[in-house]
Each structure stands twice: as structure tokens, then as C-alpha cells.
């Protein structure tokens, strides 16, 4: 029986019979209608909203240089691209040793290093790097943001993205896209069990991370 609180759209003079999810969401074909129970029912048909299907592009006036260095007295600032290649759709990569090797040649007594993912579906974060925990982290992300549920980003009526990767974008928001760490005595400062991890969330792909060190030699 059709749920009385769920009003379907009129198509060719007929009202489509939607499916009602446990969360109170009416779903039918590629349309999505939200409603509230009670005598005053509120219907929102996203197909009626006027919005662009394309994502907004960020464009600089000048391209980012692969390698860039600036110095002033004992202060040094150095930026460089770090590329990682992944083999799985969801993959956790330990960046710690590469970052430590990157920092040491500058001989920075006190300073900072920032790591920035240049992608919306690749995150960076700190945690332990242990095989069992990596499995747990992947399972946590998959349970928190299910891949097989409805997302407008995956719906061609609303989006021109053909990767079907809305879950990847949402998982990245949980982990974050940047880190700032201290440098002391020429080394990155981390706790005993802390590792710097990159999370590939829509692989396999080549990913670019922007790394910048700055500090006093």
C-alpha cells in the first residue's frame, strides 16, 4: 500500500508510486522527495530546482610550480609536489618516512611542514599504521558512508560526474585534506605511534600532495 505521507510527482497525468525508506525518504526512479509526517505534508522535488550539474572549477592566474623555494636570512620556505600511485579504490598509504626524508636536508631548527591533498577524494590524516587497524578504518568509512545508497551527485538528472563517487567525497570530509606538523631539531615531530597517512577514496589513481616546509635554519 502506498504511504499516505509520500506524494509522488505527476508524470503524463499519472502519479508515480514511490518507495518509502526507513528514514522517511520517498524514492522513485531518479527523483527524491522528502516529507514530514502529519497533516501538513511538505514536498520537495529536487528536479524542480534550477542548479548546475557541473562542479565549480578553481583556476589560478598562474600555474602552481612543481618546486618553489624562497629564503630570507635564516628563514627558508620550500614547496614541492609529492605524487603517490594507488592500486585500490580505498587504500591507506603511509607517508611518514617520505616526509621525514623530505624535511631532513633543510636542516630546520624550528619550523613547520604542511601536507595538502590536491584532490577532493584523497585525504590526509594521522593515526597508527597497523594492518588490523587499517582494516577497521576502511570498514568504518564504508559503514559510515554506504556506497550503494542514493546520492544526488551520482544522479545524472543532477550531476554530470560519471564516476559514481559521492561516497568518496563524503568520506573525505570525515578525514580532512590537510595537516600541519611541527619541525624541531631538523625532524618532523610525531608521537611514538603516530603516522601520517593518505587515504585514497576513489582509486586506483595517481595523486598529488603539496608539501611545504618553512622554518629557521
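The values are calculated or read from the model by the stated rules, or taken from the named source; none is laboratory data. The structure presented is a predicted model; accordingly, all values stated were derived computationally and were not measured. Every residue, glycine among them, receives a Cβ derived from its backbone with ideal geometry; neighbour counts consider all protein chains shown.
Structure values in brief
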{"quantity": "Search result, residues across region 78-93 that are touching a strand residue (DSSP E or B) at 6+ places or on another chain (Cβ under 6 Å) and surrounded by 15 or more Cβ atoms within 10 Å (Cβ to Cβ)", "calculated": "78, 79, 80, 82, 84, 86, 91, 92, 93"}
{"quantity": "Criterion (in contact (Cβ under 8 Å) with a residue 24 or more places away in the chain, in the same structural domain as residue 105 (by TED's automatic domain parsing) and on the phi > 0 side of the Ramachandran plot) met by exactly one of 176, 203", "calculated": "176"}
{"quantity": "Residue within region 145-152 that is modelled with pLDDT of 95 or more and within 18 Å of residue 96 (Cβ to Cβ) present", "calculated": "no"}
{"quantity": "Odd one out for residue 160 among (1) loosely packed, with under 15 Cβ neighbours inside 10 Å; (2) free of Cβ contacts under 8 Å to residues at least 24 places away in the same chain", "calculated": "(2)"}
{"quantity": "Hey, residue 193 closer than 21 Å to residue 101 by Cβ and not in a strand (DSSP E or B) or not", "calculated": "yes"}
{"quantity": "Selection count, region 97-156, where residues are surrounded by 14 or more Cβ atoms within 10 Å (Cβ to Cβ) and closer than 30 Å to residue 73 by Cβ", "calculated": "13"}
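To keep it simple, each residue is scored yes or no on (1) free of Cβ contacts under 8 Å to residues at least 24 places away in the same chain; (2) closer than 16 Å to residue 210 by Cβ.
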| position | (1), (2) |
| --- | --- |
| 64 | no, yes |
| 81 | no, yes |
| 87 | no, no |
| 94 | no, no |
| 101 | yes, no |
| 109 | no, no |
| 115 | no, yes |
| 120 | no, yes |
| 128 | no, no |
